[in-house]
Amino acid sequence: MGVQEHRSLLKDIGVDVDRHAKMMEMGLESYKAQFMTQKNRPEAMKYFDWFMSEMQGQRIAEINELRKNKKPAIGAFCIFVPEEIIVGSGGACFGLCGGSPATIADAETELPRNICPLIKSAHGFKLQKTCAYTQSSDFIYGETTCEAKKKTWEILNKHHPVKVMNIPHMKREKDLKLWKEELFEFKEHIESITGEKLSLEQMKKGTKIVNEKRKALQRLDRLRSMNKDVIPISGKDGLFVTQMGFLDDPVRYTKKVNELCDELEKRVEDKISVFEEDTPRLMVLGTPFAPPNWKLHTAVETSGGAIVNEESCIGHRYYKDNVNLDDVNNEDELMQKLLDKYSAVDCACFTPNAPRIDKILQMYKDRQANGVIYYTLSFCHTYNVEAHLVTQALEKEGIPCLVIESDYSPEDAGQIKTRVEAFLESINFKKEAAAFKKKQN
């Protein structure tokens, strides 16, 4: 196992190696039980199974090799991080641990109990020193997308360097001007790590690499969700592949995702589905799924449903748009193109946010889904409040919707499964009633 092979490195970067190894062992056993017992998995998932075992081993060694060569290693919790700039500098941009309940008690020694579990989990990983990605980062990228986050950065900065980027909550011209200035400032911060000026060509190269990664994920999304009669990969596997895109080397990852998609295309052609015919197709909306938060997907796909898409930051919101590099001849033009891409993200932090609702309704039609689950983390007020507007729009269109609020604890897994089963039963009843009515006519 990768952790054991890299004990010396992990110790050098300040990881509590014994505690970390126990957590990784538990995580790997959970992964094996939930993922590797699935039937008819694509062969190409073997790479991602391997990466699961090495995500805090070999990948950490790769990141720290970059750091030896003065390349930046930047940890992030949000898709507003301009990873194109980091990749262009030759560095690594990666997500930080934040999906486990095991660190929350430690976090609550400094943070309130009644805030988002993702924030508490991530903060606890730093206090425990059990996330090798956090320990490997030159600085943590913070953003101002919610009140709890932006105040937590002040506390986290006592334990680890944090760079905060101000993300405006409106998209007026004056707000976008401020955001563009933040992008320039972020580039300067990266240059302070490398000690070198970052050229336009380097940034364009980094942008092309990240564009290719997003294209691969767009391809995976289409194969997961756009074939009504064939679902060639489970929603759980699709989610895991997307999650690993925030950790893996982008060039290698893109290659492996495209290899998976090649196999999925053949499965679609041969009508090889991992679900039975007429399995209800569900979209999941709302807050992101940081690994190992697989609770909802497991509940759905062991109850007779299939998840074909995640409309979330770890999902469609991340990869839906690429950066248009046409007619980019100078740094200012490139920053404008980056701003165009990132300001098109329809995070619930923005107001007004009608484009998100329009996108959801169109996605539902395109994917010929049968229902929606609106999933939010406890105390995520931004998404919990916006749920009213989204569910109201879904109801108007006659789209079945189940709202679930949860945290990372396994305690409500049974309750969630019961609610999901009832939701799927109601969808199946509607489908049968519609088929009977059609037959009668």
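The values are calculated or read from the model by the stated rules, or taken from the named source; none is laboratory data. Quantities reported herein were computed from a predicted structural model and do not represent experimental measurements. Here the Cβ positions follow ideal geometry from the backbone for every residue, glycine too, while neighbour counts run over all protein chains shown. What goes into the accessible areas is simple: the full protein's heavy atoms, side chains included, and nothing from ligands, DNA or RNA. Shrake-Rupley method; radii C 1.70, N 1.55, O 1.52, S 1.80 Å.
Computed about its Cα centre, the charge dipole of the chain is approximately 400 debye, with only Lys, Arg, Asp and Glu carrying charge at their Cβ.
Based on protein heavy atoms only, the chain ends up with 43 Å² per residue of surface accessible to a 1.4 Å probe. Electrostatic tally near Val385: other residues with Cβ closer than 14 Å to its Cβ, Lys and Arg +1, Asp and Glu -1, net -2. At most 10 other Cβ atoms within 10 Å and a DSSP loop assignment: could you name the GluC sites (Glu not before Pro) in region 274-337 that fit? Qualifying residues, ordered by number: Glu276, Glu277.
Can you tally the net charge around Met244? Count Lys and Arg as +1, Asp and Glu as -1, for every other residue whose Cβ sits under 12 Å from the Cβ of Met244.
Values: positive: Arg59, Lys213, Arg252, Lys256; negative: Asp49, Glu54, Asp237, Asp248, Asp249.
Value of the local net charge: -1.
Need one word for region 227-298: rounded, prolate or oblate. Basis is the Cα gyration tensor (sqrt eigenvalues a ≥ b ≥ c); a/c below 1.5 gives rounded, then a/b vs b/c decides.
Oblate shape, in that a/c is at least 1.5 and b/c is the bigger or equal ratio.
Loop-located GluC sites (Glu not before Pro) in region 151-202 (DSSP state not H, G, I, E or B) with no more than 14 neighbouring Cβ atoms inside 10 Å: Glu196. Taking each of Lys120/Lys215; Lys11/Lys126; Lys129/Lys158; Lys39/Lys365 in turn, the alpha-carbon distance tops 23 angstrom for Lys120/Lys215; Lys39/Lys365. Pairs with C-alpha atoms separated by more than 20 Å, drawn from the list Lys46/Lys236; Lys150/Lys204; Lys46/Lys266, are Lys150/Lys204. Ligands, DNA and RNA left out, the accessible area of the chain computed with a 1.4 Å probe is 51% carbon and sulfur. Taking each of Lys68/Lys187; Lys208/Lys396; Lys256/Lys417; Lys22/Lys359; Lys359/Lys439 in turn, the alpha-carbon distance tops 30 angstrom for Lys208/Lys396; Lys256/Lys417; Lys22/Lys359; Lys359/Lys439.
For Lys71, a cut-off of 12 angstrom between C-alpha atoms picks up these aspartates and glutamates, skipping any fewer than 8 places away in its own chain: Glu62, Asp138, Glu191, Glu196.
Looking at region 59-145, which trypsin sites (Lys or Arg not before Pro) are DSSP coil and have at most 16 other C-beta atoms within 10 Å of their C-beta?
Here the sparse-neighbourhood loop sites are Lys70, Arg113.
Other residues whose C-beta falls under 14 angstrom from the C-beta of Asp18 contribute a net charge of +3, scoring Lys and Arg +1 and Asp and Glu -1.
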